[in-house]
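The values are calculated or read from the model by the stated rules, or taken from the named source; none is laboratory data. In this text, all values refer to a predicted model and were calculated from it rather than measured experimentally. Methodologically, a virtual Cβ is constructed for each residue, glycine included, from the backbone with ideal geometry; neighbour enumeration extends over all protein chains shown. To get the accessible areas, we keep the full protein, side chains included, count just its heavy atoms, and leave off ligands, DNA and RNA. Shrake-Rupley method; radii C 1.70, N 1.55, O 1.52, S 1.80 Å.
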Amino acid sequence: MIIKSATFICSNTKVSALPVANMPEYAFIGRSNVGKSSLINMLVNQHGLAKTSQRPGKTQLINHFLINEKWYIVDLPGYGYAKVSKSSREKWEKFIRNYITKRESLQCVFVLIDSRLEPQKIDIEFCCWMGEIQIPFALVFTKSDKQGAVKTDQNVAAFKKELSGWFEEIPPYFVTSAEKATGRDETLKFIEQVNLDFAMPILTPKDEF
């Protein structure tokens, strides 16, 4: 897939303010500081489209980016560590849950996993929740350039082994590096294939988050 355009559309926390669900959407989510913004920028080959920060938890809104005028990348707030109040964190979690479970045009959630780490409980739990609510998801292992290939392979294998206790079939997965553009072609090809099967959803009135 050739990325010809990538445009920021909107940021919000309300279903009523989301773009009309008439094009396929791919949400990206992971623990805070997993490299989500850098990955999105790498995929669309546009530095600075998604704002990166050294401060975990900076993304607090649902951000829509229109790609090639045909599909959306959706940048969701990270789960896990963030220096915010309990009430703010609960509010994030609620609108993340509502978006994932109610968004008619959502085709796949890319769950980002730091490839430098052994399996983390919070990541496994999130994947299990995705399985329970039957939302299609794929794994994206980030920062593969930060250690040797052997260590990356070991951590990926360990994560897959943890998931195998909960899933009959391991979801699609991609090993990536925002610095080296590793995994870019494979991830975009996956999106391109899913786009081919997109069917316009029957839209219903939305409630606010």
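Quick one: how many residues across region 9-39 are within 12 Å of Trp71 (Cα to Cα) and in a strand (DSSP E or B)?
Looking only at that region, the number is 4.
Could you list, in sequence order, the residues of region 110-169 that are in a helix (DSSP H, G or I), open to solvent by 40 Å² or more (accessible area, probe 1.4 Å) and not charged (D, E, K, R)?
Result: Ile122, Trp129, Ala149, Val150, Gln154, Ala157, Ser164.
Among the residues that make up region 171-190, is at least one of them exposed (fewer than 13 other Cβ atoms within 10 Å of the Cβ) and within 22 Å of Lys70 (Cα to Cα)?
Looking for residues that are exposed (fewer than 13 other Cβ atoms within 10 Å of the Cβ) and within 22 Å of Lys70 (Cα to Cα), one finds at least one in region 171-190, hence yes.
For region 191-203, which residues satisfy the criterion of being in a loop (DSSP other than H, G, I, E, B) and either at pLDDT below 90 or open to solvent by less than 60 Å² (accessible area, probe 1.4 Å) (or both)?
Within region 191-203, Phe198, Ala199, Met200, Pro201, Ile202, Leu203 qualify.
Residues being farther than 19 Å from Leu106 by Cβ, in contact (Cβ under 8 Å) with a residue 40 or more places away in the chain and surrounded by 15 or more Cβ atoms within 10 Å (Cβ to Cβ): count how many of those fall in region 9-51.
10
Taking the residues in region 17-49 that are charged (D, E, K, R) and at pLDDT below 95 as candidates, determine which candidate is farthest from the chain's Cα centre (by Cα).
Going through the qualifying residues, I end up with Arg31.
Assess whether Tyr99 counts as being open to solvent by 90 Å² or more (accessible area, probe 1.4 Å), within 20 Å of Ala27 (Cβ to Cβ) and of a type in the set (Ser, Thr, Tyr).
no
Among the residues of region 67-109, what is the count of those that are part of a strand (DSSP E or B) and modelled with pLDDT of 90 or more?
Qualifying residue count, region 67-109: 10.
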